[in-house]
Number of protein chains: 2
Amino acid sequence: MPTQSRRERARAERHELILRTARELAESIGWGAVTTRRLAEAIDYSQPVLYGHFENMNAIADAVAIQGIEELIAVLRFARTSAPDPADGLHALAKAYLEYASNHPAVYEAIFVRPTDLEFASADSPLLLKTAFAEFQAAIEPFAAGDDPETLTEVLWSALHGQATLAHASRLRPEHSRARADLLVKVITS
Amino acid sequence: MPTQSRRERARAERHELILRTARELAESIGWGAVTTRRLAEAIDYSQPVLYGHFENMNAIADAVAIQGIEELIAVLRFARTSAPDPADGLHALAKAYLEYASNHPAVYEAIFVRPTDLEFASADSPLLLKTAFAEFQAAIEPFAAGDDPETLTEVLWSALHGQATLAHASRLRPEHSRARADLLVKVITS
DNA sequence: TAGATTGTCTAGCAGTGCTAGAATTCAGGA
DNA sequence: TCCTGAATTCTAGCACTGCTAGACAATCTA
């Protein structure tokens, strides 16, 4: 049945088109302005088509978030494992995290800021979140000393998340971004 | 002119009623569900009345945010200055901040999370934000050692903000809230 | 080619923020 | 006490939102 598979292929392509377009739109005009009508217009179909692929608008943002967290995990892992020693590894991981958030603010928002119940309800995403968390923990474990590694991981992740979101909201001095990351790593490792 | 002042008094009272009701609604059903119709219904007036007091719905949330940051400043100052020494002061400030965020999540969201341009555009609020920032800086300055105090303040505030928001989004283990605050203060002061 | 299935669109619902203009209330003067 | 003008409040409506039912068109099967 080549027909059936051709159809399925076309359908899968459109699925990706929706996600790619939603992501581009969000990065350029913000999630608040990504409406079903605008998104449908951008992919050159009518709105109901979107609902043939996703349950609702939120599910589209959730799917973008899942793509994003997969990217983020790869970025963190590469940064950490490419470093010559644990201290550099933690440093590289922190910088990579903040850079990803800064370079893909809409995706970061979809993953960690936008209200969504998918992250904990679905079958795949909790595993992804755990994997991302494990990257943080692997990077910081060498510096845990007598402290609970998991708690220290939460402290590190929260601190980076805070820097990412406040910087994006223009509430931190933009030219001191690197200094903040450096200082955070310093106080944690010393 | 007792008539004029009576009118003005009634108007000021309704102004406060709007703010109080918006805050209560937001805390109980979330900002997303605080609509002009619902808010107008709650204060027993029609929607256009709201626009006689505030420019738009966002301005109402902004006004709640300003009330909130004034409260928060008082809370932080009390926590810091009531402590017997700087270390306890920093500890108390951190806990007070996280407690406020946890006890008034909608107000905290209005201040630090909701998209708003008021915080930096208006005449009053930047001063309030600076005052709040000064509280953090006063608490952490004794521990700055050779580091830039302002950068360290940003690191501290970001770390607490991250813990507050991720905890509210149920992304951190709720029973370890205190341990995270303790550990953060520990790594910063040691 | 006829019929069934699949895919897509048009048109519409209830909700949103916000506003113009009608209706009402009220204060002050004759 | 009644009238007039001003201040206040409401009704009704706009353009937008997410989402969907049902009509229509294209495609595959027999």
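Each value in this text was obtained by applying a stated rule to the coordinates, not by laboratory testing. Quick caveat, the model's predicted, so the values are computed rather than measured. For neighbour counting, all protein chains shown are included, and Cβ atoms are generated from backbone atoms with ideal geometry for every residue, glycine included.
Along its first, second and third principal axes, ordered by size, chain B spans 61, 40, 28 Å in Cα coordinates.
Of the peptides A:162-175, A:91-104, B:27-40, the order by per-residue mean of other Cβ atoms within 10 Å, starting with the highest, comes out as A:91-104, A:162-175, B:27-40.
Dipole magnitude for chain B: about 600 debye, using +1 per Lys or Arg Cβ and -1 per Asp or Glu Cβ, origin at the Cα centre.
Counting Cβ atoms of other protein chains within 10 Å of each Cβ in B:182-188 and taking the mean gives 6. Take B:E41, move 7 Å from Cα toward the beta carbon, and the resulting point lies 3.1 nm from the same point in each other copy, nearest first.
For A:K130, list the lysines whose Cα falls under 28 Å from its own Cα; do not include residues on the same chain fewer than 8 positions away. Of all the lysines, those that pass the test against A:K130 - Cα under 28 Å, at least 8 places apart if same chain - are A:K95, A:K186, B:K95, B:K186. For the pair A:K186 and B:E13, a Förster radius of 56 Å applied to the C-beta separation gives a FRET efficiency near 0.60, rounded to the nearest 0.05.
Relative contact order of chain A: 19 percent, from C-alpha pairs under 8 Å at least 6 residues apart in sequence. Our summary gives the range A:1-54 a relative contact order of 26 percent, counting only alpha carbon pairs under 8 angstrom and 6 or more residues apart. If the segment from A:S46 to A:R173 were pulled out straight at 0.36 nm per residue, it would be longer than the present Cα-Cα gap by 41.4 nm. For peptide B:141-154, the mean count of partner chain Cβ atoms within 10 Å of a residue's Cβ comes to 3.
With contributions of -39500 (n - 2.57) from each DSSP H run of at least four residues, the per-residue ellipticity at 222 nm computed over chain B stands at -25500 deg cm²/dmol.
Of the DSSP H helices in chain A, those that are both long (alpha-carbon extent of 24 Å or more along the helix axis) and hydrophobic (Kyte-Doolittle mean at least 0.0) are A:57-82, A:149-168. In terms of its C-alpha gyration tensor, the range B:1-54 has a prolate overall shape, because the principal axis ratio a/c (a ≥ b ≥ c, square roots of the eigenvalues) is not below 1.5 and a/b outweighs b/c. Look at the stretch B:169-181: the mean tally of other chain Cβ atoms within 10 Å of its residues' Cβ atoms is 4.
Ascending distances from the B:E24 label point to its copies in the other chains, with the point 7 Å along the Cα-to-beta-carbon line: 4.9 nm.
Sorting B:143-156, B:56-69 by their mean Cβ neighbour count within 10 Å, with the most densely packed peptide first, gives B:56-69, B:143-156.
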